[in-house]
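Contents: one structure, followed by commentary.
The values are calculated or read from the model by the stated rules, or taken from the named source; none is laboratory data. Note that the structure is predicted; figures quoted are calculated from it, not measured. Virtual Cβ from ideal backbone geometry, glycine too; neighbours counted across all protein chains shown. Quick note on the areas: whole protein, heavy atoms, side chains included, nothing else; ligands and nucleic acids left out. Shrake-Rupley method; radii C 1.70, N 1.55, O 1.52, S 1.80 Å.
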Amino acid sequence: MTERKKRVGILISGRGSNMESLIAATRRSDYPAEIACVISNRPEARGLSTAAAQGIATQAIDHKRFQTREAFESELDAALRAHGVEIVACAGFMRMMTSSFVDQWRDRMLNIHPSLLPAYKGLHTHARALADGVKLAGCTVHVVRPELDQGPIIAQAAVPVLDGDSEETLGARVLQAEHSLYPHALSLFASGDAIVSGERVLLKKEPVNQTIPLYWPPLSQL
Ligand code: GRF
């Protein structure tokens, strides 16, 4: 018997390109999750109209309407529950959350961050990576904890940093990786193939014959 698909609520604040990659992935009949709703704290978020055009239930909950963070989160929480959401996927959701909201969704809320965490938490990750001269950058999907950009890591993707990179070119390379990584990580999580164990995520079936290191510059050019 096929397992029932997990209902996912996506939280956005803007463009929504990661949201689009999740929507596209969930259209596959064998994908273990479906999108129950897309909610934005910014009514003007471009992603809201993109999702609506694809027949997804959308809702704007403008944080500016609320006196306190708690009041905003209580409406957000009610909306997620009304849509029967089981997993929350933050995708460019630019709003700090209280620890009580995060705890209500403990081990059921994911986030994507454009760096190889725990390096470069916070904003301007690509500019900071370029300033440091790192050779590999990347992105991370993790389970949300109250601390900013922290929590058990489900999956990461690494991309090379090129000598001529600007914040924009590096950001575009990382974003392209994000669009494959998030659907992959959500699939692992929703299917139960990736399980939170304390502050780590363990894979039910860990691939053992694919442990090839990524070198940059490539070994062949040394
Ligand atoms: C992405 O880079 C994501 O990692 C970060 O915010 C950006 C959102 O982009 N959290 P989009 O709205 O998914 O296009």
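Quick notes on this structure:
- Positions within segment 114-173 being assigned to a loop (DSSP other than H, G, I, E, B), within 14 Å of the ligand (Cβ to nearest atom), of a type outside the set (A, V, I, L, M) and open to solvent by less than 60 Å² (accessible area, probe 1.4 Å), in sequence order: P114, S115, Y120, G122, D149, G151
- Failed item, numbered, when M97 is tested on (1) farther than 27 Å from V85 by Cβ; (2) buried (at least 17 other Cβ atoms within 10 Å of the Cβ); (3) of a type outside the set (S, T, Y): (1)
- Within segment 186-203, the only residue that satisfies the criterion of being of a type in the set (V, I, T) and either without any contact (Cβ under 8 Å) to a residue 40 or more places away in the chain or in the same structural domain as V88 (by TED's automatic domain parsing) (or both) is I195.
- Exactly one residue out of S49, S13 is within 14 Å of the ligand (Cβ to nearest atom) and touching a residue at least 40 places away in the same chain (Cβ under 8 Å), and it is S13.
- Breaking point among (1) hydroxyl-bearing (S, T, Y); (2) over 18 Å from R106 (Cα atoms); (3) over 20 Å from the mean Cα position of the chain (by Cα), for Y31: (3)
- Boolean, Q176 is within 29 Å of T26 (Cβ to Cβ), open to solvent by 60 Å² or more (accessible area, probe 1.4 Å) and either touching a helix residue (DSSP H, G or I) at 6+ places or on another chain (Cβ under 7 Å) or not in a helix (DSSP H, G or I) (or both): no
- Residue in segment 56-65 that is open to solvent by less than 40 Å² (accessible area, probe 1.4 Å), more than 18 Å from the chain's Cα centre (by Cα), within 16 Å of the ligand (Cβ to nearest atom) and aliphatic (A, V, I, L, M) present: yes
Condition check ((1) open to solvent by less than 30 Å² (accessible area, probe 1.4 Å); (2) at pLDDT 95 or above; (3) in the same structural domain as V141 (by TED's automatic domain parsing)) across all residues:
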| site | (1), (2), (3) |
| --- | --- |
| E3 | no, no, no |
| K6 | no, yes, no |
| E20 | no, yes, no |
| S29 | no, yes, no |
| A36 | yes, yes, no |
| P43 | no, yes, no |
| L48 | yes, yes, no |
| A51 | yes, yes, no |
| Q54 | no, yes, no |
